[in-house]
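Peer 1: Take a look at this one; I'll ask things after.
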Amino acid sequence: MKRFWNGLFGGTGTDKGVTGPLYDAIVARGREPHWYLTGGVADTMDGRFDMIAAVLAFVLIRLEADPAAAADAVELTERFIDDMDAQLRQSGVGDVGIGKYVGQMVSMLGGRIGAYRDGLASGDLRTPVLRNLYRGVDPGQAAIDHVIAALTAFAGRLREQPTPVIIAGQLP
């Protein structure tokens, strides 16, 4: 796989492609300290994956609303896969295990997209947030309320943002 961006936890590559700035913005949004400090998301490799996957899921849900963005959504997902591949390699996972782990991460992303889509549609993000960001461990009502409010507001701002602006990496 071609590495577009080497940066779940920092650093950027030179090949940004069309969605490079957007992926950078998603990672930056997922690394904002408030998720971890006020929101109680674990500031670990798993917690960062969970938060970045959540932000990515909300962006992909928004892009689903615009059929013209389908190719960009695919490229963005491929960029995520490439980043996960690079991160696993850097953490010492060998070629034999990479496919299995990346497959699990892609499956996790797909499940999260569905869960967050359903949560947004029903107006209840508590269950998917608790399951996907806290892995079933309740961090307390204040933390959950903070994350749900921030994600709900983010989804609302994304709906109002024109697709080309989002693709350019200007997240609201």
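The values are calculated or read from the model by the stated rules, or taken from the named source; none is laboratory data. What you see is a predicted model; the values in this text were computed from it and never measured. In this analysis, Cβ positions are derived from the backbone assuming ideal geometry, glycine residues included, and neighbour counts consider all displayed protein chains. Ligands, DNA and RNA are excluded from the accessible area calculation, which covers all protein heavy atoms including side chains. Shrake-Rupley method; radii C 1.70, N 1.55, O 1.52, S 1.80 Å.
Peer 1: Kindly check whether there is at least one residue in the range 22-35 that is part of a loop (DSSP other than H, G, I, E, B), touching a Pro at 6+ places or on another chain (Cβ under 8 Å), at pLDDT 95 or above and open to solvent by 10 Å² or more (accessible area, probe 1.4 Å).
Peer 2: First, the residues of the range 22-35 that are part of a loop (DSSP other than H, G, I, E, B): 31-32.
Checking the rest, the ones that are also touching a Pro at 6+ places or on another chain (Cβ under 8 Å) come to none.
No - not one qualifying residue is present in the range 22-35.
Peer 1: If you don't mind, there's one more thing I want to ask. Filter the range 155-172 for residues that are buried (at least 17 other Cβ atoms within 10 Å of the Cβ) and over 14 Å from Leu22 (Cβ atoms) and give the result.
Peer 2: Hit for the range 155-172 is Ala155, nothing else.
Peer 1: Report, ordered by the first and then the second residue, all pairs with beta carbons closer than 6 Å, sequence separation of six or more or different chains, a first member in the range 102-125 that is at pLDDT 90 or above, and a second member that is surrounded by 18 or more Cβ atoms within 10 Å (Cβ to Cβ) and not small (Gly, Ala, Ser).
Peer 2: What qualifies is Arg112/Asn132; Ile113/Leu60; Ala115/Pro128; Tyr116/Pro128; Arg117/Ile61; Gly119/Leu125; Gly119/Pro128; Leu125/Ile148.
Peer 1: Can you give me the ranges of the helices (runs of 4 or more DSSP H) entirely in the range 124-168 with at least 2 residues that are more than 25 Å from Asp24 (Cβ to Cβ)? Outline the logic, then answer.
Peer 2: Working: elements: 126-133, 141-160, 163-167.
Hits in the range 124-168: 126-133, 141-160.
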